[in-house]
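Here is the structure we will look at, set down as structure tokens.
A short reminder: the numbers here are calculations on the coordinates, not readings from a lab. This one's a predicted model, so the numbers in the text were calculated from it and none came from an experiment. So basically every Cβ, Gly included, is an ideal-geometry build from the backbone, and we count neighbours across all protein chains shown.
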Amino acid sequence: MSDTYQAVYDATRSRVSSCDTGAAVESALRDAFGSAGDYLSRIYMDFVGVASDACRPSVLYRPRIAIDGNMWGAVYGDNIQEGVAGFGESPALAMADFDKNWNARLGATP
């Protein structure tokens, strides 16, 4: 360790050593979210949302996405006829259409 690094480390450690970091984090969360139940509920809901999105076919299978004319297309497979595709005016809409088409039954009309 360099002398400068050690001096900064020692100065920081002396200031932080008397700090109750658990209380500081709890206070910051309470200020941001209100009561403990509120912020735990919000954290849980955020986790559920992220976990749900992680299970979407467009996330799991990562289709190729490109502009096709005036629409975005998301395609999984060698081509549209043999694979699954979704189209939309934005990449997000193309991925949402891909997810819908992934779950559609074969021969189902849109």
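Between N79 and S52, the FRET efficiency from the beta-carbon distance, with R0 = 30 Å, is close to 0.50.
Applying 1/(1 + (r/R0)^6) with R0 = 35 Å to the Cβ-Cβ distance of S27 and A7 gives a FRET efficiency near 0.70. Taking a Cβ cut-off of under 9 Å around G86, the surrounding Lys, Arg, Asp and Glu residues balance to a net charge of -1, with basic ones at +1 and acidic ones at -1.
Length gained on full extension, E89 to I65, computed as 0.36 nm times the residue gap minus the Cα-Cα distance: 7.4 nm. Averaging the sequence gap over all C-alpha pairs within less than 8 Å and six or more residues apart, then dividing by the number of residues, gives region 57-102 a relative contact order of 33 percent.
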